[in-house]
Amino acid sequence: MNYQIKNKGNSFDPITLEILWRRLVSIVDEADASVARTAFSSLLRDAHDYTCMFTDSRGQELVQGTFCTPGQAGAMALGVKKIINSIPLADYKDGDVFIVNDPWLLAGHLNDVCVLSPIFYLEKVVAFTACVFHHSDIGGRVSSDNREVFEEGIYIPLTRLHDAGKLNVDVLNMIKWNVRTPEEVMGDIRSQLSANYVCAQKIIEMMEDESLSTLDDLADEIIGRTENSMRSAIEEIPDGVYPHIGIIEGAGEKQDIRIKLSVTVAGSDIIVGFDGTSGQVDWGVNVVYNFTYAYVFMAIKSAFDPDIPINEGAIRPIKMTAPKGCIVNCTFPAAVAARMQVGHFMTEMVFNALGPATPDNIIAGSGGTPAQTNILYGKRAGGKPWHTMIIRGGGMGASSRADGHHCAIFPANGANTPVEILESDTPLIVESRGLIMDSGGPGKQRGGIGRQMIIRSPKGEGNENDAPARTTIAVQAGRFIYPPQGIFKGRDGAKAKFLKNKDAANPSTLTFCDSGDRISFISAGGGGYGDPLERDPKAVEQDVQYGYVSIEKAKQDYGVIIAPDSLILDLNSTLELRENRTPYK
């Protein structure tokens, strides 16, 4: 075949560039959609805890899926490039597929498994495609109180799963015999292979259609423009050094964790440093560098230009330093399974640091920070094992412009698992799920509402699918001690709770649920933004009518009088009450 090479070493005209960019996005989104159609685990199909992407031939990230998870997005931009460049380009073969879940190379714990493939065109490597899935089952002891990574599941170093197209069956067998639900895990790995195949084929089709022999020139143009956009956004922040010290609760009897950071803004560059932060601990909340960086990056990008693509150009202006051995840059073999219990807070910490400089670009504390991750597993009455993981959000923090969303998983960007899916995947029954009145932090803008879900283990009536012998529950969450904080005179949201048969249970270790037991997962509400006495009384009236705020709290927190019979605002009484109220400090 004869090919005419376009734009070799030159810039692309704006129209051609836009067309090609949109096509690249559609390619990775098509690979993303294939996961939703083929994945076995509900964590992937429904909660969307995965990220698809591809790079140029040098390992520079070019495009990620539109609906990617930030913890994987920022981490993959760093980690996949390192993985690709650890092997000489000449050593890749057409048909190679690699698999790896090294937490220190990628997104921070063993559950995040990466499948990576070189893309060959005209007998040379032109790109790489990769996807990271959060596998709900990776074996090991599923608990956040593990002391080392060795307890947390099977550790897969960078390994060829396919060697020039030939499947390494031994690798799959090794994985299969180290997990509880091998059919599901094998199905999800095949889904990853399918996603990479879709991505590779569509890239080759685009190169053929556009008569391109390389993607590197296009990548340089896109990455360069992205970097310029990111730098322009950063230049809107006043130069200076912005410090913050935050405390993250230690679950159960564990000690609290101190996060000390400083955000240095100098022109179009940002450096976030963590000198003085607590050291790594002997339980599973340690965070690797890549995962910490991902949520630092998330804060800056989402606050100042959320529409900028995530690629090599977006990360270049944002640097991070953290002492080795501290909790946000832990060293092997630290336990890392529940790294989100600390890592998810990095976005909030950066917001708090930058708040005095850019108050309109940040939000209050969120009840979905960290995401409530609940791992549940056991055996049905007939002996068949089951295993699932659900991610749950809380009330999102309010901003200067809007109330916080309800049931939001922020900053992790996952999706709440539907009740019907949980009940179909497990023998458990969801007795109730709903929003919690008065859980959103009062403010001029109200924090999002928290929620609760109560599950029950059935007693069974002779059906082998009923009455599990025992359900094991591992909780990876937070906000049980310290609630999401309000800002700029906004008040705190309600705290989270974890109950077994109405009694408080310890979220830092395993909980066992026998037939007839009930477990309550209660998410925190978001923090409020601004003085509650400045909230529009009509907005408070609507909150009461919707069941978000009680009549009593409307008066107590907002100085708003609502008639109990009609739920209508009494404006005159409200104005009189507010005139005599002391503003919240």
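Nothing in this text is a laboratory measurement; each read-out follows from the coordinates by a stated rule. Just so it is clear, the structure is predicted and the values come from calculations on it, not from any experiment. No Cβ is skipped: glycine too gets one built from the backbone with ideal geometry, and neighbour counts run over all protein chains shown.
Worth a mention:
- The stretch 238-322: trypsin sites (Lys or Arg not before Pro) in DSSP coil with no more than 15 other Cβ atoms inside 10 Å: Lys254
- For a modelled paramagnetic label at Glu148, 7 Å from Cα along Cα-to-Cβ, the residues of the stretch 332-348 in reach, with backbone nitrogen under 12 Å, are 332-335.
- Translational diffusion of the stretch 308-455, µm² s⁻¹ [Kirkwood Rh, Cα pairs; Stokes-Einstein; 10 °C; 1.306 mPa s]: 89 µm²/s
- Relative contact order of the chain: 13 percent, from C-alpha pairs under 8 Å at least 6 residues apart in sequence.
- For the stretch 137-159 versus the stretch 236-268, the gap between their alpha-carbon centres in whole angstrom: 29 Å
- With contacts taken as Cα pairs under 8 Å and at least 6 residues apart, the stretch 443-555 reaches a relative contact order of 38 percent.
- The length gained on full extension between Asp91 and Leu571, counted as 0.36 nm times the residue separation minus their Cα-Cα distance, comes to 165.3 nm.
- Fully extended contour minus Cα-Cα distance, from Lys555 to Lys384, at 0.36 nm per residue: 56.2 nm
- Here the extension length gained between Lys260 and Arg470 equals 71.4 nm, from 0.36 nm per residue of separation less the Cα-Cα distance.
- Only DSSP H runs of four or more residues enter the estimate; each adds -39500 (n - 2.57), and after division by the residues of the chain the mean residue ellipticity at 222 nm equals -9000 deg cm²/dmol.
- Calculated Rg and Dmax of the stretch 14-229 using C-alpha coordinates, Å: 17.0, 55
- Relative counts (whole %) of C-alpha pair distances in the stretch 363-530, using bins that are 5 Å wide: 2, 10, 19, 20, 17, 12, 9, 6, 3, 2, 1, 0
- Of Trp104, Trp283, the sequence from fewest to most neighbouring Cβ atoms within 10 angstrom is Trp104, Trp283.
- With contacts taken as Cα pairs under 8 Å at a separation of at least 6 residues, the stretch 369-458 carries a relative contact order of 28 percent.
- FRET efficiency, 1/(1 + (r/R0)^6) with R0 45 Å, evaluated for Ile421 and Lys82 via beta carbons: 0.80
- Exposure proxy shown here: for Asp46, Asp29, the number of other Cβ atoms within 10 Å sets the order, fewest to most, as Asp29, Asp46.
- Shape parameters for the stretch 228-291, alpha-carbon atoms, Rg then Dmax in Å: 15.3, 47
- If a spin label sat at a point 7 angstrom from the Cα of Ala164 along the line to its beta carbon, the backbone N atoms of the stretch 105-120 nearer than 17 Å would be those of 118-120.
- The distance linking the stretch 401-462 with the stretch 511-585 is 19 Å (Cα centroid to Cα centroid, whole angstrom).
- Paramagnetic reach from Arg456 (point 7 Å along Cα→Cβ, amide N under 19 Å) across the stretch 411-426: 419-426
- Panel order for Phe291, Phe54, Phe40, Phe274, by other beta carbons found within 10 Å of each beta carbon, from fewest to most: Phe40, Phe274, Phe54, Phe291.
- Theoretical FRET efficiency, 1/(1+(r/R0)^6), r = Cβ-Cβ of Asp360 and Ser229, R0 22 Å, to 0.05: 0.65
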